[in-house]
């Protein structure tokens, strides 16, 4: 595939190069003698043209049949010029800066706006910030680059998703933002080719997101893809190739240390219990050699490779702008047999049919495939590699071996034998037509469609290995899913300027339909392991067959409007509303209205501010906004009653006439009053520019409150319902601040540099849950309990457990403690006996009960960081350039659930080297319990022993590049070579594999177990080289 794709790229590139004969040439600079890179030079009245290169020069062929040729020169931010060619062959052209046009334009909902006119909170990331990064998910490029946006890798496995939070976690349900890619609504952008992206804007406050109504509660990310801009046919090629490996490894004991620690724990247990029930480890098996150590993590990992290749062909004229791109991405992961491959193609064309009619089409295709591994946190491959003992070899005499000591399977063998394949095909398309019947009034009709098909196959062959591990029966399971989404939007915009007044009006109606279907089936006892037999009908074992099929259909209709008003470029007003109706809610509350308003004041433009030189304070604007948005991203049909048949729950069967008959009963109570979760947001901000905007500062303070959050409120058990109904009863508040600080400087004429820093601090608090019952999640299997707790007065998903006060130094101390009845002794953890007894009846516990039990659990950590930030350093010297991008968090806690497995001597798992610092009678440690297999389970109950500081600072990306002079290579207009490093170093105190721990799963699952580390696939350190070539 790779060879075919590279051949295709070379074919596309060769089509863009052709011989040229006679040229005129010249240079284009501005009034400050800076080259105007990318300026367009068009031979007026023809389609012949070119663009200015990196060195500010151009060459252009004048056809012999063109009489009286005239050059039309244009560039963003400059006044257009026309120059008669005559007999001249050399031109030195100076463009004048257009102050109005030069202002940065950002994309907002259903339009664009000058950045200086923004009244809401919007962060923007441009294409120049995104190039040369070895990532497969475009959303990862927001990490550390947009204030108020926290991006966390869920897993380092190729093709996996991300957790994105805009201004905190606003609900216990799905907290992911809405993505809008060229007008198409999406739940994620993992399939988008990042090389196609021109910019990403994050709408953060309600005054900016209210135009999206019920989809805007968690923020909105607007993605704009590139369009054709060059007046002549231009071919851009981006190539990147890199290697990757694990940046950290588990710190586990070798075989000798493991045997010593294990046998000591067993011996101490015999002494403590006065029995011989804890024998030393049996090493008499033929395949066990205590002098050898198996590094299981090394056995399952490798040096992976990454390939990226992108080609786009673009051309623009007065009537047509077209871009066609093809992209290829391949990621061979650092874990054996894990890889991800994706092919993208995009065709985007805009047409000017007349002075008043425009149209366009945008079609994007993404085809991806993934070979994965079992990531189950209980017995997944990577988990097993960190849990299986070091004594067991991978193979013995050519046969796979399995440990005789525990329930762990050989992870290397599992990767070799198991088939876990997924693939998807996604087609996104959009077409629009705009008509301007009168000046300033534009009607736009847009139709979007998104089709996706996904499938997966899991085949588990039968096997029997040395030791105890075997699977008698093979099995095959397959899954299929299909999605078809339509969106029709019709809008009217009207803009008018009268003297000092500027007005922009927007009104629109939209209609949306989403249809989804899922099907899965499985069967055992296939006749063989070859791929040709991996079909369900290849097995005749009908009794083992299981099948499942479900589907949803969601419809939504909306009305929207917005007013933008400006007076004298000083006072700005934005007001919007949207009314949505959605089928996911109950018939009594199917519609919701979402208003917003924002004001801004350009203080710098007031005459009384002229005492401040504009060279010193060039920009000064204050902003304030308010709005209400909704969250409709819940499970469809949640308002209905659920009826369960007897095939699933046998208690609903009935005996009639001596035989069992199937029955059914309602298991979930209906609630027709379910309505939108509403998020009310207030924001105040300031934008300041100093030294002609060389130094810029943007600061925002916000309060974001989710009202009517959907939660399951308990009903009496005697009602007979299995699960509680959804009710709008919860309230969550997020408040905090964001700061963006930037500086651009220059030393001499050759050295330029820039520094950009953004930081955010958010406090999350649950105000109300509708009942006194907390929401628990974050289940850890061998601890056998949930470890996160969401309750009023705390944050979403805080860690919940016991507090460790130290280590018992003597048996007498243990016998006189609240743990006296637990059978613990010297060297065991001493847990805090919390105040749980109210002795004076004032409702406030003021005394401990003298017993350690479940009532002594308390909140022991918060996964929400105190601060998260990004630092971007850029510099260039002549043709060299370098960027250093740092990203980090400060103050967030992590629950290192994997600690259980590497301290549990009684389970015969691998042990961490940190265990060597255990308590002994000689060292009297008060930090870590001692070696005693009889009491270790008591020490490993959920407690703050597992809670660690998740703060880290990471060099996320470093890039050094060199741009060659134009035409240094014949036929090559621009050539840049670069070296890039990803995740080069991380500073952290966290003892797990990676401090960047997102929530496991999607929706409420990912929200409620944020920060619980089950020993997941770590991120990679990537070293790559690349080239950007323009023909």
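Structural remarks
- Any hit, the range 319-332, residues being under 30 Å from residue 510 (Cβ atoms) and in the same structural domain as residue 177 (by TED's automatic domain parsing): no
- Residue match in the range 820-840 (condition: part of a loop (DSSP other than H, G, I, E, B), more than 35 Å from the chain's Cα centre (by Cα) and closer than 25 Å to residue 714 by Cβ): yes
- Tallying residues that are under 30 Å from residue 334 (Cβ atoms), assigned to a loop (DSSP other than H, G, I, E, B) and modelled with pLDDT under 95 within the range 244-286 yields 5.
- Within the range 617-655, the set of residues being part of a strand (DSSP E or B) and at pLDDT below 80 comprises 642, 643, 644, 645, 654, 655.
- Selected residue (criterion: surrounded by the fewest Cβ atoms within 10 Å (Cβ to Cβ)) from residues of the range 876-922 that are closer than 30 Å to residue 34 by Cα and more than 28 Å from the chain's Cα centre (by Cα): 878
- A single entry from 439, 464 fulfils the requirement of being farther than 30 Å from residue 370 by Cα and exposed (fewer than 15 other Cβ atoms within 10 Å of the Cβ): 439.
- Per-region count, the range 177-203, residues part of a loop (DSSP other than H, G, I, E, B) and under 16 Å from the mean Cα position of the chain (by Cα): 8
- Which numbered condition residue 373 fails, given (1) touching a helix residue (DSSP H, G or I) at 6+ places or on another chain (Cβ under 6 Å); (2) surrounded by fewer than 19 Cβ atoms within 10 Å (Cβ to Cβ): (2)
- Some residue of the range 947-961 being touching a strand residue (DSSP E or B) at 6+ places or on another chain (Cβ under 9 Å) and closer than 30 Å to residue 264 by Cα: yes
- In the range 119-127, the condition of being at pLDDT below 85 and surrounded by fewer than 19 Cβ atoms within 10 Å (Cβ to Cβ) is met by at least one residue.
- Number of positions in the range 829-843 that are surrounded by 12 or more Cβ atoms within 10 Å (Cβ to Cβ) and out of contact with any strand residue (DSSP E or B) (no Cβ under 7 Å at 6 or more places or on another chain): 1
- Scope the range 207-216; condition modelled with pLDDT of 90 or more and part of a loop (DSSP other than H, G, I, E, B); matching residues: none
- Residue satisfying all of: in the range 55-94; free of Cβ contacts under 8 Å to residues at least 12 places away in the same chain and closer than 14 Å to residue 44 by Cα; surrounded by the most Cβ atoms within 10 Å (Cβ to Cβ) among these: 80
- For residue 284, the stated conditions do not hold, so it cannot be described as surrounded by fewer than 22 Cβ atoms within 10 Å (Cβ to Cβ), touching a residue at least 40 places away in the same chain (Cβ under 8 Å), at negative phi and out of contact with any helix residue (DSSP H, G or I) (no Cβ under 7 Å at 6 or more places or on another chain).
- Tally of residues being closer than 16 Å to residue 909 by Cβ and crowded, with 23+ Cβ neighbours inside 10 Å across the range 940-952: 1
- Number of the condition not met by residue 984 [criteria: (1) buried (at least 20 other Cβ atoms within 10 Å of the Cβ); (2) under 20 Å from residue 143 (Cα atoms)]: (1)
- With respect to being in contact with a strand residue (DSSP E or B) (Cβ under 8 Å, 6 or more places away or on another chain) and under 23 Å from residue 673 (Cα atoms), residue 696 falls outside the description.
The values are calculated or read from the model by the stated rules, or taken from the named source; none is laboratory data. Computed from a prediction, not measured in an experiment: that's the story for all the values here. Cβ sites come from the backbone with ideal geometry, for glycine too, and all protein chains shown count toward neighbours.
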